[in-house]
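The values are calculated or read from the model by the stated rules, or taken from the named source; none is laboratory data. The structure displayed is predicted, hence computed values, not measured ones. With ideal geometry, Cβ positions are generated from the backbone for all residues, glycine too; neighbour counts draw on all protein chains shown.
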Amino acid sequence: MTHVSGWRVVVPVKGGDGAKSRLALPGPARRSLALAMALDCLAVCLRTPGVGLVVCVSDDPEVTAAARSAGAVTVSAGRPGLAAAVEAGVTCLERGPTAVLLGDLPALRAEDLGAALADALARPGPALVTDADGRGSVLLADRDGAPPHRFGPGSARAHLDAGARPLSAALPSLRRDVDTVEDLAEALALGVGPRTREALAAAAIPLT
């Protein structure tokens with residue numbers, strides 16, 4: 001992929017009927033909500049200062065078409081699994097500041113993402129932002145372009161064991177990923193993006 005300045009942010013998005021399977025909602029509502037959350041996340045990435053390129057990794061045609069329309073570059077994972085998607089996104093890039101961001105962050109704010117990336121750029125080695133529970137990972141950034149990604153169950157500990165240093169700033173909108181309806185309620189309290197609100201309204205899911 002051609003050289004770009006600034007951070008390259010890789011966002012894996014599963015899409016399809018299996019997206020956000022732990023979210024206890026009817027299938028069509030869950031699928032549309034998962035896509036909406038990812039698009040809100042991508043939109044914030046694209047307008048965050050310091051981000052030069054956003055790469056959405058997915059094999060779902062609906063996701064890739066929507067991501068390209070939003071302004072992201074798309075890459076095929078080629079095989080199932082989060083690890084494969086992250087690897088496909090990272091390896092398609094030239095060496096340089098690279099971050100992996102999960103796409104289920106509907107309350108994400110550019111100021112929180114920008115602050116985390118600025119902190120990661122100021123220090124050597126990979127930087128980690130854990131989720132609100134402290135067990136998962138939402139952002140792994142490496143200014144040298146080789147993030148030692150270990151996304152999956154227990155990823156926070158796996159990333160720390162691989163040498164990542166945790167960022168201690170609050171960053172509430174960045175840490176609030178959504179896997180369950182309880183997570184969704186917390187994201188709504190922070191304030192979700194417009195596509196997520198539209199998807200919730202279309203599915204007649206309360207916005208409070």
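Of all the listed residues (ALA132, ALA158, ALA201, ALA127), the sole one being over 17 Å from the mean Cα position of the chain (by Cα), modelled with pLDDT of 95 or more and among the hydrophobic types (A, V, I, L, M, F, W, C) is ALA158.
Tell me yes or no: at least one residue of segment 98-106 is part of a helix (DSSP H, G or I) and crowded, with 17+ Cβ neighbours inside 10 Å. There is no residue in segment 98-106 that is part of a helix (DSSP H, G or I) and crowded, with 17+ Cβ neighbours inside 10 Å. Considering ARG31, ARG22, ARG8, the condition of being among the charged types (D, E, K, R) and farther than 23 Å from GLU182 by Cα is satisfied by ARG8 alone. Each residue in segment 19-46 was checked for being among the small types (Gly, Ala, Ser), more than 12 Å from LEU200 (Cβ to Cβ) and at pLDDT below 95, and 4 pass.
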